[in-house]
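Bear in mind these aren't lab numbers, they're just calculated from the coordinates by the rules spelled out. Fair warning: this is a prediction, and the values are worked out from it, not measured in the lab. With ideal geometry, Cβ positions are generated from the backbone for all residues, glycine too; neighbour counts draw on all protein chains shown.
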Amino acid sequence: MYEKNEWTSISEVGKVFSAEKFLLGHYLETESLYITAINLIMNENKLNTIQVMDLEKYNFDEEKVEFNSIYTDEMKSVYNNVRNGDYISVYELELLSQLILREKIWCKFQSSEMFVHFGFDYYMYIGSIKECNDSLIKIRSSGLFVENFESPYLEE
């Protein structure tokens, strides 16, 4: 179980954790590790697309002004155009994952080979039919905390 007391949301940028100010750069570094983890599992499963399920969109207008520069035109486009049930490319998956982690949307990604779910407090759940030991070694060595845990977002 992960027990470190640290940030759990982009909204906490600027706050102090363990006597260190949490900067946007720190946030973006961690977000990049999450995206890399997803890509590693996608690659190991030889997937080029995945399906968007249970899509929820939130308001872009509530963002802090200083964060507006982290949203690219491509992110805004995928936000506006994605629909529940769409099959998306790896690139769109990256953009949507960033939007989920930045709390602008929420959805689940799934295929017959794998799933990606995001939870509260910056948790990500990845499941795969295939054992992805090579990817898990890389993900652990990146500094992300990895543990076996069933996603609370799995459908029965």
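Observations
- Fewest neighbouring Cβ atoms within 10 Å first, the residues Val78, Val90, Val13 line up as Val90, Val13, Val78.
- Proxy reagent accessibility, fewest Cβ within 10 Å first, across Arg140, Arg102: Arg140, Arg102
- Sequence-separation-based contact order of the chain, relative, with Cα cut under 8 Å and 6+ spacing, percent: 26 percent
- Nitroxide proxy distance, nm - points 7 Å out along Cα→Cβ at Asn48 and Asn133: 2.9 nm
- Max mean-square fluctuation residue, GNM over the chain, Cα-Cα springs under 10 Å, options Thr30, Thr72, Thr49: Thr72
- Take the Cα of Asp73, step 7 Å toward its Cβ, do the same at His26, and the gap between the two points is 3.4 nm.
- Lysines whose Cα lies under 20 Å from that of Lys57, excluding same-chain neighbours fewer than 8 positions away: Lys76, Lys104, Lys108
- Between Phe118, Phe109, Phe60, the residue with the greatest mean-square fluctuation in the GNM of the chain (Cα pairs under 10 Å linked by springs) is Phe60.
- Most fluctuating residue given options Ile35, Ile88, Ile129, as computed from a GNM of the chain linking Cα atoms under 10 Å: Ile129
- For Cα extents along the principal axes in Å, the candidate list reads (1) 44, 35, 33; (2) 41, 36, 26; (3) 46, 37, 22; the entry that matches the value derived from this model is (2).
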